[in-house]
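A.B. asks: If you scroll down you'll find the structure; I have some questions about it.
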Amino acid sequence: MKTELLIDALGDVSDDYILDACNLAETGDIENEIIGRSHDPEDSNGIAHFRKDGTVEADSKEKKKVRDIFCKNTMIKYISGAACLCLIVITVITAIRSGAGRSASIQHWTDSMAAKDYFKNSGNTDRPNSASSSIVMPTFAILLPLDDSRQALEEAGIIPVIADHTEHSFAVMYNGDGSLYKISFRWGRRGEGIEEYSDLIFRAAPKEIREISDTVAVRTDPAGNVIPPYVTVTERDGITILAEGAENENKTLTWQTDKGWFQVQGSFKDSYEDIIAFFDWFWAHPFDLSDYACIPDDLIIRSTRAEYPDAFSGMIPDLTSLGYTAVSESVNLGSVGGAVKPVWFEGIYTRGETRIRWTINTGADADAWAHNIGRPSEITEEKLARALSGQECVNIFFDLPCMATLTVESGSATDAMEIVRTLQ
Amino acid sequence: MDDSRIIGLFNERNETAITEAESKYRRYCLSIADNILHDREDAAECVNDAFFGAWNSIPPHAPENLAAFLGKITRNLSLKKWRERSASKRGGGNVSVSLDELEECLPSGHSVEEYIETKELTAVINSFLGTLPETERRVFLRRYWYFDSIDDICTRSGFGKSKVKMMLKRTRDKLRAALEKEGIFI
């Protein structure tokens, strides 16, 4: 099963590498590379030619007419229903997560609720996965493994005892500035057969974790009626619980209190009962994030750029040449894979009335990506001005990988572009 | 039709996006699914689901490369189906062989608990792939991304069997060293 983690991780490598692997031909004829053979008997030779310019030429004996792959009515109605309803679904979810009031779709918890009732809006068909971003970057900077702490955590009543889940991986993840990103506790059970497969995960964070993930699908039944979205909202003791997933899918329950953001997840083989029992334990034993709020001193070095002048070399604008004065330039280094590496930088600079902050993080979540305007070479004055018109900061991606944030605390888009140009 | 126009059709929720994408990439996706599943019907089902998945994903996803995007969805779905079919036993097939070979990449001397998210591991593997000579990287990905058989790789590349096997072994050793260097144990 562990090698399957490698297989899965390989699945999301660079698009360029994946497609370049289609060019494996010793002839060096790059105009007509073969990208694969179909085992379809209708294909006379099953070969398509994939040219380097990205065009595809079907085999001359195989001029198939365009076919309708959605031969079932249900599929056709998926398409017709999806467009107008996706937006509504997403809007509803966003409103609920932001605590923007109740809607008629919220059910109220009772102690007679069955486990499956938490997921009453779920469908029961396989949902296709979607591919994630082709740019891969961690969401955090520094990892603190807690695998050796299972027994101590159980004895302290911080985590449940799950005796038949002998595999586990526990970790705390910190941002480069030393703040807590999230905690992840995973229990695993493997056996000879698929029926014994289980993965139960508990996650906790100071604020909602938003990582790039699958989109929401909308379904309709054969009659064209819309099947309610598979997010079920339950209110329990004044707290909103979002349940997502279904049978034969991963399932999650997510809730937020004044203590933090929490989520439990079960695998496609974990039943509704399994995940609710897991959830109920954490509901009854509220997790205290404050125990992990401070990164251990031995995991981080807080220093200055003067001490580490090569940190993030090439990724910090040459502000001195533009007449700026550095108010402060801080660098954090962390233990990453056994080596000490820069994980965070923050510089504050002034020039007259203008005040700029340049921050670099080696982790990025969905919010960071949402504010990303590209690599320095991709940024134009127009793009930057447009991005800064509604906010004071933008994110800029570097292939380290890392994400820089340019914050114009006081100044103009012209000032910002002048700074970006030093990196182009 | 070029990819940017096809993606435009997806964004407009125009159903011809699927037929255009299929016309261009169905065979590519089928080859990926077939390598994993060795079952025409299952492979076709996964490919159908992949195009449906693309329909559900674009927007908001805006793939930089449509072929790779569809290929990844197909691969994910095919692997999921393969796991559901054969989790109880590993008998033959390219995926089983690839898994066995990749065992060598796992650093030894540590317990098998996994404390790394897949995304972080992907980042390390991406960096590692960037260090490889072009041909070695292509062979590695044909084997462990596309699940080509050794014979298929030989046919594609013109290399002999022993050369391909030697190349893969060398790359696996390098990957193992790269994972150890990053302190990644899975």
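The values are calculated or read from the model by the stated rules, or taken from the named source; none is laboratory data. This is a predicted model, so every value here is computed, not measured. With ideal geometry, Cβ positions are generated from the backbone for all residues, glycine too; neighbour counts draw on all protein chains shown.
A.B. asks: Taking the stated definitions as given, is residue A:318 on the phi < 0 side of the Ramachandran plot, touching a Ser or Thr at 6+ places or on another chain (Cβ under 8 Å), in a loop (DSSP other than H, G, I, E, B) and not small (Gly, Ala, Ser)?
C.D. replies: When the stated conditions are applied, residue A:318 passes them.
A.B. asks: Kindly evaluate residue A:274 against the criterion of being surrounded by 19 or more Cβ atoms within 10 Å (Cβ to Cβ) and of a type in the set (D, E, K, R).
C.D. replies: No; evaluated as a whole, the condition is false for this residue.
A.B. asks: Scan region B:135-143 and give yes if some residue there is closer than 23 Å to residue B:38 by Cβ and more than 7 Å from chain A (Cβ to nearest Cβ), otherwise no.
C.D. replies: Yes, region B:135-143 has at least one match.
A.B. asks: Is it true that residue B:64 is more than 26 Å from residue A:269 (Cα to Cα) and either touching a residue at least 12 places away in the same chain (Cβ under 8 Å) or out of contact with any strand residue (DSSP E or B) (no Cβ under 9 Å at 6 or more places or on another chain) (or both)?
C.D. replies: Here the answer is yes, as residue B:64 does meet what is asked.
A.B. asks: In addition: Residue A:226 - would you say it is modelled with pLDDT of 90 or more, surrounded by fewer than 20 Cβ atoms within 10 Å (Cβ to Cβ) and touching a helix residue (DSSP H, G or I) at 6+ places or on another chain (Cβ under 8 Å)?
C.D. replies: So residue A:226 does not fit the description; no.
A.B. asks: Okay, moving on. Has region A:312-319 got any residue that is of a type in the set (Asp, Glu), farther than 25 Å from residue A:411 by Cβ and in contact (Cβ under 8 Å) with a residue 24 or more places away in the chain?
C.D. replies: Within region A:312-319, not a single residue is of a type in the set (Asp, Glu), farther than 25 Å from residue A:411 by Cβ and in contact (Cβ under 8 Å) with a residue 24 or more places away in the chain.
A.B. asks: Taking residue B:61, is it surrounded by fewer than 22 Cβ atoms within 10 Å (Cβ to Cβ) and at positive phi?
C.D. replies: No: the conditions fail for residue B:61.
A.B. asks: What pairs come out if I take residues in region A:239-266 that are on the phi > 0 side of the Ramachandran plot and pair them with residues that are surrounded by fewer than 22 Cβ atoms within 10 Å (Cβ to Cβ) and of a type in the set (Lys, Arg) whose C-beta lies under 8 Å away, six or more apart or interchain?
C.D. replies: Taking only residues 6 or more apart or on different chains, the pairs are A:260/A:207.
A.B. asks: Take region A:246-285 and flag every residue that is in a helix (DSSP H, G or I) and not hydroxyl-bearing (Ser, Thr, Tyr).
C.D. replies: A:273, A:274, A:275, A:276, A:277, A:278, A:279, A:280, A:281, A:282, A:283, A:284
A.B. asks: Looking at region A:255-268, is at least one residue under 30 Å from residue A:162 (Cβ atoms), β-branched (Val, Ile, Thr) and surrounded by fewer than 20 Cβ atoms within 10 Å (Cβ to Cβ)?
C.D. replies: Yes, there is a match, as at least one residue in region A:255-268 is under 30 Å from residue A:162 (Cβ atoms), β-branched (Val, Ile, Thr) and surrounded by fewer than 20 Cβ atoms within 10 Å (Cβ to Cβ).
A.B. asks: Same structure, new question: Please determine, by comparing only the residues of region A:292-303 that are free of Cβ contacts under 8 Å to residues at least 40 places away in the same chain and surrounded by 13 or more Cβ atoms within 10 Å (Cβ to Cβ), which one is farthest from residue A:359 (Cα to Cα).
C.D. replies: For region A:292-303, the residue satisfying everything is A:301.
A.B. asks: May I ask you to list the residues in region B:36-47 that are part of a helix (DSSP H, G or I) and surrounded by fewer than 22 Cβ atoms within 10 Å (Cβ to Cβ)?
C.D. replies: Once the filter is applied, which keeps residues that are part of a helix (DSSP H, G or I) and surrounded by fewer than 22 Cβ atoms within 10 Å (Cβ to Cβ), region B:36-47 yields B:40, B:41, B:42, B:44, B:45.
A.B. asks: Quick check on my filter: what residues within region B:19-54 are at the interface with chain A (Cβ under 7 Å from one of its Cβ atoms) and farther than 18 Å from residue B:78 by Cβ?
C.D. replies: Passing the criteria: B:19, B:23, B:24.
A.B. asks: If I go through region B:55-72 residue by residue, how many of them are at the interface with another protein chain (Cβ under 7 Å from one of its Cβ atoms) and assigned to a helix (DSSP H, G or I)?
C.D. replies: Number satisfying all stated conditions: 8.
A.B. asks: How many residues are part of a helix (DSSP H, G or I), closer than 17 Å to residue B:121 by Cα and in contact with a helix residue (DSSP H, G or I) (Cβ under 6 Å, 6 or more places away or on another chain) when one looks only at region A:5-24?
C.D. replies: 8
A.B. asks: Out of the residues in region B:120-139 meeting the condition of being among the hydroxyl-bearing types (Ser, Thr, Tyr) and over 24 Å from residue B:163 (Cα atoms), tell me which one is surrounded by the most Cβ atoms within 10 Å (Cβ to Cβ).
C.D. replies: Only one residue fits best here, namely B:122.
A.B. asks: Here's another thing I want to ask about it. Residue A:248 versus (1) in contact with a Phe, Trp or Tyr (Cβ under 8 Å, 6 or more places away or on another chain); (2) surrounded by fewer than 19 Cβ atoms within 10 Å (Cβ to Cβ); (3) over 21 Å from residue A:171 (Cβ atoms); (4) at pLDDT 90 or above: which is the lone unmet condition?
C.D. replies: (4)
A.B. asks: Ok, one more. Could you grab me the full set of residues in region A:106-123 that are hydroxyl-bearing (Ser, Thr, Tyr) and not in a helix (DSSP H, G or I)?
C.D. replies: Passing the criteria: A:110, A:112, A:122.
A.B. asks: With (1) within 26 Å of residue B:126 (Cβ to Cβ); (2) in contact with a Leu (Cβ under 9 Å, 6 or more places away or on another chain); (3) not basic (Lys, Arg) as the list, and residue A:361 as the residue in question, which single condition is left unmet?
C.D. replies: Against the list (1) within 26 Å of residue B:126 (Cβ to Cβ); (2) in contact with a Leu (Cβ under 9 Å, 6 or more places away or on another chain); (3) not basic (Lys, Arg), residue A:361 comes up short only on (2).
A.B. asks: Turning to a different aspect of this structure: Run residue A:403 past the list (1) under 19 Å from residue A:311 (Cβ atoms); (2) in contact with a Cys (Cβ under 9 Å, 6 or more places away or on another chain); (3) aliphatic (A, V, I, L, M) and report the number of the one that doesn't hold.
C.D. replies: Unmet condition: (2).
Conditions (1) of a type outside the set (Phe, Trp, Tyr); (2) within 11 Å of chain A (Cβ to nearest Cβ); (3) outside any helix (DSSP H, G or I); (4) over 19 Å from residue B:105 (Cα atoms), marked per residue:
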residue: B:147; (1), (2), (3), (4): no, yes, yes, no
residue: B:152; (1), (2), (3), (4): yes, yes, no, yes
residue: B:155; (1), (2), (3), (4): yes, yes, no, yes
residue: B:164; (1), (2), (3), (4): yes, yes, no, no
residue: B:169; (1), (2), (3), (4): yes, no, no, no
residue: B:180; (1), (2), (3), (4): yes, yes, no, no
